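Since the structure comes first, as structure tokens, the remarks are kept for the end.
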Amino acid sequence: MGKVLVIRGGALGDFILTLPAIRLLTEGLENAQVHILGYSPMIQLATLAGMAVETRRIEHTPLARFFVPNADLDDEWKRYFASFDVIVSYLHDPEGIFRANLLRAGVKETNLFEGIHQVVDDPEEGHAVQQLARPLESLALYLVNPSATFNLNAEKRSGIAIHPGSGAVWKNWPPKRWLDLLPDLRKRLAPGEALIVISGEAEEEWIDTFIDEANAIAAPIEHLRNLPLETLAQKLANVRAFIGHDTGVSHLAAAAGASTFALFGATNPRVWAPLGDHVRVIRTDDDKLLSITPAMILNNLDAAGI
């Protein structure tokens, strides 16, 4: 099949949910060499998963011309796009501007396949990974394995990690609930095992206070702050358990192979939950995060032998 380009914008979770479709291209097309065009640092995860021979950043100034009608297109990018035998784009292009400019750049219309840029929040449409892989059916490729996985060599699994935040406040279990949980998590750790708190930009305003309070009741806390995604993925591959919300970091943990416990409220896990036998979704019948108790999480850890 030759060279294949996948163009994927979106945040961390969006990209990881697309990895099964990218793997389908890698494994399903004979002699396919898959390239990824997307936002850094997410695109490096495709290399980590063994699915990309080359990646490029979408935040390249000359590429912006491809989003302007009838623009004077950059010659290097024209040659780049025209070199591919298959292009699968997940970009938001409601007016077809990007598509038209790809064709002007020399991309054959029969080589261009367009996926959805945003998953439909409806389980009748299937899980997010199924929705994202559906355009590949035009290439006679059908998704069998929906789980995203990275090629990581896990050491002896040790420690429990939590990610108490997210980019959306309404997805977050209250900080006090997390703090109530921590002493019981500490009791489950053997000497030398770490109790880990993960944070990123979304948690910057309150994470220092949280860490101070966490250390006061369950010290010592190992704080992984704003780690590069590749580094964080390796850290997560080595923990005994990860507990988090409906976030990209929970998808990262599941893809890294960690026993993952995902707290869900209003969002539907039938569409958004990480997939795999090592993933447990914790949700109540009323779909409210506030209805989840520390005891429910501990019971799930017990059931998983953590």
Query raised in the report: If you plug each phi of segment 144-152 into the Karplus form 6.51 cos²θ - 1.76 cosθ + 1.60 with θ = phi - 60°, what whole-Hz ³J(HN,Hα) values come out, in order, with x for Gly and Pro?
Result: 10, 9, x, 8, 8, 9, 10, 8, 10
Query raised in the report: In a solvent-free Debye calculation with one equal scatterer on each Cα, what is log10 I(q)/I(0) for the chain at q = 0.08 Å⁻¹, listed in the order of the q values?
Result: -0.39
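Given charges of +1 on the Cβ of Lys and Arg and -1 on the Cβ of Asp and Glu, with all other atoms neutral, how large is the dipole of segment 156-263 about its Cα centre, in debye to the nearest 20?
580
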Query raised in the report: Which lysines have a Cα less than 18 Å from the Cα of residue 288, not counting those fewer than 8 places away in the same chain?
Result: 171, 176
Query - Simple Cβ-charge dipole of segment 1-78, Lys/Arg +1 and Asp/Glu -1, about Cα centre, in debye nearest 20 - result: 140
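Could you give the size of the charge dipole of the chain about its Cα centre, using +1 on the Cβ of each K and R and -1 on the Cβ of each D and E, expressed in debye and rounded to the nearest 20? Don't skip to the answer; put the middle values down first.
Numbers: 27 positive and 38 negative charges, 125 e Å.
In debye, rounded to 20, the chain gives about 600.
What shape does segment 160-303 take by its C-alpha gyration tensor, where a ≥ b ≥ c are the square roots of the eigenvalues and a/c under 1.5 counts as rounded, a/b above b/c as prolate, and the rest as oblate? Walk me through the numbers before you get to the answer.
Working: a/c = 1.24, a/b = 1.18, b/c = 1.05.
Note, shape of segment 160-303 comes out rounded.
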Report summary line: Once the in-chain neighbours fewer than 8 apart are removed, the aspartates and glutamates whose Cα is under 14 Å from residue 187 read 302
Query raised in the report: Using only helices, what value at 222 nm comes out for the chain when you add -39,500 (n - 2.57) per DSSP H run of length 4 or more and divide by the total residues, to the nearest 500 deg cm²/dmol?
Result: -9500 deg cm²/dmol
Report summary line: Sorting 69, 248, 304 by the position of each Cα along the dipole of the chain (Lys, Arg +1; Asp, Glu -1; all at Cβ), the one nearest the positive end of that ordering is 304
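Among 8, 280, 157, which comes first, then next, by fewest other beta-carbon atoms within 10 Å? Don't skip to the end; give the middle numbers.
Working: 8 26, 280 19, 157 15.
Lowest to highest Cβ neighbour count: 157, 280, 8.
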Requested in this report: List the aspartates and glutamates whose Cα lies under 17 Å from the Cα of residue 156, skipping any in the same chain that are fewer than 8 positions away.
Outcome: 193
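Read-outs throughout are calculated quantities, based only on the coordinates presented, and are distinct from any laboratory measurement. Fair warning: this is a prediction, and the values are worked out from it, not measured in the lab. All Cβ positions, even for glycine, are placed from backbone atoms using ideal geometry, and neighbour counts span all protein chains on display.
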